[in-house]
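Novice: The following block contains the structure, expressed as structure tokens.
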Amino acid sequence: MVVIFYLSSAVAVAATILAVTRVGVVHALLYLIASLLAVAILFFTLGAPFAAALEVIIYAGAIMVLFVFVVMMLNLGERALAQEKAWLRPRVWIGPGLLALVLLGESLYVIGQGAHTPYRVAVTGPEAVGATLYGPYALAVELASLVLLAGLVGAFHLGRHALHGGPRDGERPQ
Amino acid sequence: MASVLSEGLAVSALLFAIGLVGLLARRNVIMVLVAIEIMLNAAGLAFIVAGARWGQADGQIMFILILALAAAEVSVGLALVLQMDRRHATLDVDALSDLKG
């Protein structure tokens with residue numbers, strides 16, 4: 001587990017540096033997904049399997065898919081086809097793929113090992129997290145739901161004008 | 001036990017610093033959002049490390065709240081990116097200087 005901790009830390013830092021320094025947005029997003037997966041394995045080695053699952057499902061899954069959707073929406077038109085061809089070249093995905101392969105190897109090693117022995121700490125499973133979340137932190141859950149509702153309303157309002165031809169630059173808003 | 005805390009917090013601080021450099025250096029608005037995501041994720045890692053150090057669930061709770069915040073922030077931010085592309089036909093944050101005095 002010590003080796004896994006250091007290896008995932010190295011992968012996370014390397015992938016994040018590569019994500020920040022890429023010119024193309026899609027390259028950066030691929031490296032960022034590798035970085036998030038590495039951080040998820042860090043969570044697992046730190047005895048937080050529930051947070052690791054959430055990191056993969058919500059961060060690397062939902063939020064990054066949102067980014068990819070918007071990047072693809074912005075590239076409608078003539079350039080879209082050439083861009084599509086450029087994205088399918090191996091040069092684009094070979095780096096993130098190799099980093100993700102290291103993480104896959106770590107996951108297989110952990111699964112093959114059988115017993116979950118975290119890195120010098122105790123495991124805090126989903127039961128404990130759920131009991132605490134809906135016990136002393138129930139008010140925080142309600143506040144988080146309000147934040148998400150505000151985000152939903154704000155994104156809908158802004159996106160509605162973007163899609164249905166709202167006021168142009170220089171015109172008075174309706 | 002103390003080494004878990006120091007090593008994990010070092011990784012977290014490193015990721016946060018990389019995100020901060022990206023936020024300051026990049027001018028593409030989507031890359032700025034990506035850098036903010038990196039920094040939020042690093043903060044979440046710090047909470048998880050602290051929770052692991054004390055063996056409590058509170059660190060994971062704070063991570064879940066950060067996750068909800070990041071989801072809300074990214075949805076509004078990307079809607080603003082769509083508006084920016086439609087109105088100004090650019091993703092350069094320096095192009096939005098209408099409020100400059």
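Novice: How do the pairs read when you match residues in segment A:98-116 that are surrounded by 13 or more Cβ atoms within 10 Å (Cβ to Cβ) with residues anywhere that are modelled with pLDDT under 80 and not in a loop (DSSP other than H, G, I, E, B), using Cβ under 9 Å and keeping only pairs 6 or more apart or on different chains?
Specialist: A:His116/A:Val110
Novice: I would also like to ask the following. Among the residues of segment A:3-25 satisfying the criterion of being β-branched (Val, Ile, Thr), within 10 Å of another protein chain (Cβ to nearest Cβ) and in a helix (DSSP H, G or I), which is farthest from the chain's Cα centre (by Cα)?
Specialist: Among those residues, the one meeting the criterion is A:Thr21.
Novice: A follow-up question, please. Here is a list: B:Val74, B:Val49. Which entry is over 17 Å from the mean Cα position of the chain (by Cα) and among the β-branched types (Val, Ile, Thr)?
Specialist: On the way: B:Val74 fails: over 17 Å from the mean Cα position of the chain (by Cα).
Matching residue, one of B:Val74, B:Val49: B:Val49.
Novice: Further question: Go through segment B:83-101 residue by residue and tally those that are touching an Asp or Glu at 6+ places or on another chain (Cβ under 7 Å) and among the small types (Gly, Ala, Ser).
Specialist: Going through segment B:83-101, the residues touching an Asp or Glu at 6+ places or on another chain (Cβ under 7 Å) turn out to be B:87-88, B:91.
When the remaining residues are screened for being among the small types (Gly, Ala, Ser), the result is none.
So the count comes out to 0.
Novice: Quick one: in segment A:38-53, which of the residues that are within 13 Å of the chain's Cα centre (by Cα) and surrounded by fewer than 24 Cβ atoms within 10 Å (Cβ to Cβ) is farthest from A:Ala12 (Cα to Cα)?
Specialist: A:Ala53
Novice: Continuing with the same structure: Can you spot a residue in segment B:5-18 that is touching a strand residue (DSSP E or B) at 6+ places or on another chain (Cβ under 9 Å), at negative phi, in contact (Cβ under 8 Å) with a residue 40 or more places away in the chain and surrounded by 15 or more Cβ atoms within 10 Å (Cβ to Cβ)?
Specialist: No; the residues of segment B:5-18 include none that is touching a strand residue (DSSP E or B) at 6+ places or on another chain (Cβ under 9 Å), at negative phi, in contact (Cβ under 8 Å) with a residue 40 or more places away in the chain and surrounded by 15 or more Cβ atoms within 10 Å (Cβ to Cβ).
The values are calculated or read from the model by the stated rules, or taken from the named source; none is laboratory data. Remember, predicted model here, so these are calculated numbers, not experimental data. So basically every Cβ, Gly included, is an ideal-geometry build from the backbone, and we count neighbours across all protein chains shown.
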